[in-house]
1. Does A:Arg9 satisfy the criteria of being at pLDDT 95 or above, more than 12 Å from every other protein chain (Cβ to nearest Cβ), out of contact with any strand residue (DSSP E or B) (no Cβ under 8 Å at 6 or more places or on another chain) and not in a loop (DSSP other than H, G, I, E, B)?
2. Only one residue in B:Leu34, B:Leu66 is closer than 30 Å to A:Ser110 by Cα, surrounded by fewer than 21 Cβ atoms within 10 Å (Cβ to Cβ) and modelled with pLDDT of 90 or more. Which one?
3. Kindly check whether there is at least one residue in the stretch A:100-107 that is in contact with a helix residue (DSSP H, G or I) (Cβ under 7 Å, 6 or more places away or on another chain), modelled with pLDDT under 95 and more than 9 Å from chain B (Cβ to nearest Cβ).
4. Among the residues of the stretch A:154-172, is any without any contact (Cβ under 8 Å) to a residue 40 or more places away in the chain and in a strand (DSSP E or B)?
5. B:Ala136 passes all but one of (1) within 23 Å of B:Glu155 (Cβ to Cβ); (2) at pLDDT 95 or above; (3) open to solvent by less than 20 Å² (accessible area, probe 1.4 Å); (4) in contact with a Ser or Thr (Cβ under 6 Å, 6 or more places away or on another chain); which number fails?
6. Test each condition in (1) under 24 Å from B:Thr157 (Cβ atoms); (2) open to solvent by 60 Å² or more (accessible area, probe 1.4 Å) for B:Thr56 and report the one that comes out false.
Number of protein chains: 2
Amino acid sequence: MRLLEEKIRSDGIALDESILKVDSFINHQIDPELMQLLGEELGRHFADRGITKVATIESSGIAPALLCAMELHVPMIILKKQPSKALNSDLYQTIVTSYTKGTSYELTLSSKYINEHDHVLIVDDFLANGEAATGAIRLIRKAHATIAGVGILIEKTFQPGRKKLEEQGIEVYALARIAGMQKDSITFVSEA
Amino acid sequence: MRLLEEKIRSDGIALDESILKVDSFINHQIDPELMQLLGEELGRHFADRGITKVATIESSGIAPALLCAMELHVPMIILKKQPSKALNSDLYQTIVTSYTKGTSYELTLSSKYINEHDHVLIVDDFLANGEAATGAIRLIRKAHATIAGVGILIEKTFQPGRKKLEEQGIEVYALARIAGMQKDSITFVSEA
């Protein structure tokens, strides 16, 4: 999606070969009009898949997932990063480990909100190693729901996330696909 | 706002005198169409205040804050609950302690996204003891910005959050104001 590529080129900051900061329009400050266009485009791409729910992992995926769910006229589910007091019964849980960050967290889903009849689109801001997305898939499969696809704002194609998902037969659609980065330089797949 | 009161009455669950679960439409599963109406109403209420940014605390406030920011055509800022690797320079930070939950977390804001010229509307899902909101206010004041108001989906009027904010001269607007709760029974201020 040219609009997002141009925004990344103008406002994103490549710190090195693997870290891209998009704090000014996606992660910390959000440009609502841009985010609406991105959410709508994800929704349009998956419009004919019979999707019944859009799910995301808190918290950077909430904005695009919400606007995608609005486009598809379906509920949006936030997969929680830790069990809270008010969410302690009938939970599905899985551990997600980020090897790059050296951290682990527990991802949780109430059994009330996704069931075996659901076709779930997973939306997130980044796809890199695919740890969060594969954790979300494990969790949603515990509810015996169908994974309808994974919609991503920014994919780092030089990391193995897409491969892991496609090997499970899951369609991945990313709005901006980064082929490679160096300090202050970003190349997209369409140009690579 | 009658629409939200009715939704809380039909789908909210009062566990006891202080805990209200709204997981099915606000916290865990989100109804996008309802959330859009709520965000728009918050935006309309504060439309003439010269607001330049909408800020929220991750993560339950992100959805209403995003839709409120969209209504006001201004950027939305997510105050982060912990410093992340990619956000480690030029940060404002404050500790927020939840006495009810017995937990503390560090709230952070990059100095790039809010400055002394900003008029900031804080949006969150709940107002109870006001710990999160007063933390957000401390943080935004470190950036020398003006607090334009606090917009809330659900206020527990029997807890002191509003009082703490109004004592600082801050306007609070809540879409649903709960006067009291008992197991399976919720009373709103308009009826109290």
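The values are calculated or read from the model by the stated rules, or taken from the named source; none is laboratory data. Bear in mind the structure is a predicted one, so any value in this text is a computation, not a measurement. Glycine also receives a Cβ, built like all others from the backbone with ideal geometry; neighbour counts cover every protein chain displayed. These accessible areas exclude ligands, DNA and RNA; they are computed on the full protein's heavy atoms, side chains included. Shrake-Rupley method; radii C 1.70, N 1.55, O 1.52, S 1.80 Å.
1. When the stated conditions are applied, A:Arg9 does not pass them.
2. B:Leu34
3. There is at least one residue in the stretch A:100-107 that is in contact with a helix residue (DSSP H, G or I) (Cβ under 7 Å, 6 or more places away or on another chain), modelled with pLDDT under 95 and more than 9 Å from chain B (Cβ to nearest Cβ).
4. Checking the stretch A:154-172: at least one residue is without any contact (Cβ under 8 Å) to a residue 40 or more places away in the chain and in a strand (DSSP E or B).
5. All conditions are met except number (4).
6. (2)
Let's see how each residue does on (1) closer than 30 Å to B:Tyr113 by Cα; (2) touching a residue at least 12 places away in the same chain (Cβ under 8 Å); (3) away from chain A (no Cβ under 12 Å):
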site: B:Ser18; (1), (2), (3): no, yes, no
site: B:Asp23; (1), (2), (3): no, no, no
site: B:Glu33; (1), (2), (3): yes, no, no
site: B:Glu41; (1), (2), (3): yes, yes, yes
site: B:Ile51; (1), (2), (3): yes, yes, yes
